[in-house]
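Here the structure comes first, spelled out in C-alpha cells, and everything after it is commentary.
The values are calculated or read from the model by the stated rules, or taken from the named source; none is laboratory data. Everything numeric in this text was worked out from a predicted model, so none of it was measured. Note that we place each Cβ from the backbone using ideal geometry, even for glycine, and neighbour counts take in every protein chain shown.
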Amino acid sequence: MIVSASYRTDIPAFYGDWFARRLEAGFALVANPYGGPAYRVALERRSVDGFVFWTKNIGPFLPVLDRLKARGDPFVVQYTVTGYPRTLERAVIEPGRAADHMQGLARAFGPRVAVWRYDPILITTMTPAAWHRERFAAIARSVRGATDEVCVSFAQIYQKTRRNLDAAAVAWDDPPADEKRALIADLTGIATEHGMRLTVCTQPDLTLSPAEPARCVDTARLSDVAGRPIAAKRKGNRPGCLCSESRDIGAYDTCPHGCVYCYAVANHAAARKRFRAHDPEAELLLPAARAAVASG
C-alpha cells in the first residue's frame, strides 16, 4: 500500500508532529470526506510500500524524512513552488527557500525523491501568461539538478474556488485551450533547457508531445528511490488521472496556507480555526473525533 500525505492538506508544513506520532502508533484514523465513519490506515513498516508527500514547505518535516529513511521507507516529495503574489498565496514560503529545500532533498535522499509542481497555473491580471513564463524560468534555474520532473496543470475553477477568488477581488481568466497549449509548449522548452521533463496532471487535452501525462503517485519513481520493485494497480482520483492506488490520510478544509485558488479549502477562516484546534496527539487529523471507525 502507498500512503499519500496529502493532497487534501499540507501535512509536512503543518501537521508533521501528528504524522510522526501516527507513525509511531502504527496507524492513523482518517475522516471520510464523503460522510460516514472514519477509517483506519495502517502505517506499520510491513504495511506500507512507500509514501508520497505533497507540500509547499518541507522544512518542518525534514526530521520525519530522516526517520523514514532510517526505517527503510521510500518516499517521494511532490513540492509545489509557484511564487505567486501574496494576494494569491497568503502564507507560502518564498520560492528561493523552497528551491533550497529541494536542493537539500536531492543531496540527502537522491535526485529522484523530489518532483517540482508548478500548479495550478492561474491566469489573472497579476499573473498573465508572460508572468508565468518568466516566473517558471526563474524557478527552473533555482531547482536545476534537484529534480528531473516538473508537473503542471491549469487551475480548475470549481464553485468554491470561484467564491474564494471573488472574495479576494482577484480578476481571473480561464483562457481557451489553444492558449493553454501554447503556454505549456513554452514551459516544456524551458524545462528541457534545465534538465527536466514536463508532465501535465490530469488534463489530457492539453498534453502535447514532448510533454507527457503526469503520474503523481508513481510506482516507477518510488521503485527507483527504494531500489526495489514497488507495484500497485492504477487507480486515478478523477477521469484522466494515471496515478497508482494510494490511501490518503489528510483532511479537507484544514490547510492554513490561504491560497485563494485551492480546491481543498472551501473557507479559509474555517481552515485556520481547524488548524488552531488541531491536537497532534489525536488519532484523527481533524479536531473532532468520530465515534465509529471502519476497517481499512
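Quickly run through the range 92-129 and pick out the residues that are closer than 19 Å to D166 by Cα and in contact (Cβ under 8 Å) with a residue 60 or more places away in the chain. The answer is P120, I121, L122. Only one of the listed residues (R22, R45) is in contact (Cβ under 8 Å) with a residue 60 or more places away in the chain and closer than 27 Å to H101 by Cα. That residue is R22. On the stretch given as the range 59-74, residues that are under 15 Å from the mean Cα position of the chain (by Cα) and surrounded by 21 or more Cβ atoms within 10 Å (Cβ to Cβ) total 1. For first residues located in the range 202-229 and touching a residue at least 60 places away in the same chain (Cβ under 8 Å) and buried (at least 17 other Cβ atoms within 10 Å of the Cβ), partners that are aromatic (F, W, Y) and outside any helix (DSSP H, G or I) and lie 6+ apart or on another chain with Cβ distances below 9 Å form the pairs C216/Y7; C216/W54; L222/F51; L222/F75; V225/F75. Taken together, the residues in the range 56-72 that are assigned to a loop (DSSP other than H, G, I, E, B) and either at pLDDT below 95 or small (G, A, S) (or both) amount to 1. In this structure, H278 qualifies as of a type outside the set (S, T, N, Q) and surrounded by fewer than 21 Cβ atoms within 10 Å (Cβ to Cβ).
Of everything in the range 25-42, what is in contact (Cβ under 8 Å) with a residue 60 or more places away in the chain and out of contact with any strand residue (DSSP E or B) (no Cβ under 8 Å at 6 or more places or on another chain)? Give them in sequence order. A25, P33, listed by residue number. Among the residues of the range 172-186, those identified as closer than 16 Å to P210 by Cα and either in contact with a strand residue (DSSP E or B) (Cβ under 9 Å, 6 or more places away or on another chain) or part of a strand (DSSP E or B) (or both) are K180, L183, I184.
Taking the criterion of being outside any loop (DSSP other than H, G, I, E, B) and closer than 27 Å to A169 by Cα, the residues of the range 73-95 that qualify are T80, E89, P95. Of all residues in the range 120-171, those satisfying the criterion of being surrounded by 14 or more Cβ atoms within 10 Å (Cβ to Cβ), at pLDDT below 95 and not in a loop (DSSP other than H, G, I, E, B) are K160, T161, N164, L165.
The single residue among D248, D253 that is in contact with a Phe, Trp or Tyr (Cβ under 7 Å, 6 or more places away or on another chain) and either closer than 20 Å to Q156 by Cβ or free of Cβ contacts under 8 Å to residues at least 24 places away in the same chain (or both) turns out to be D248. Within the range 1-55, the set of residues being in a loop (DSSP other than H, G, I, E, B), farther than 26 Å from C241 by Cα and within 15 Å of the chain's Cα centre (by Cα) comprises just one member, Y15.
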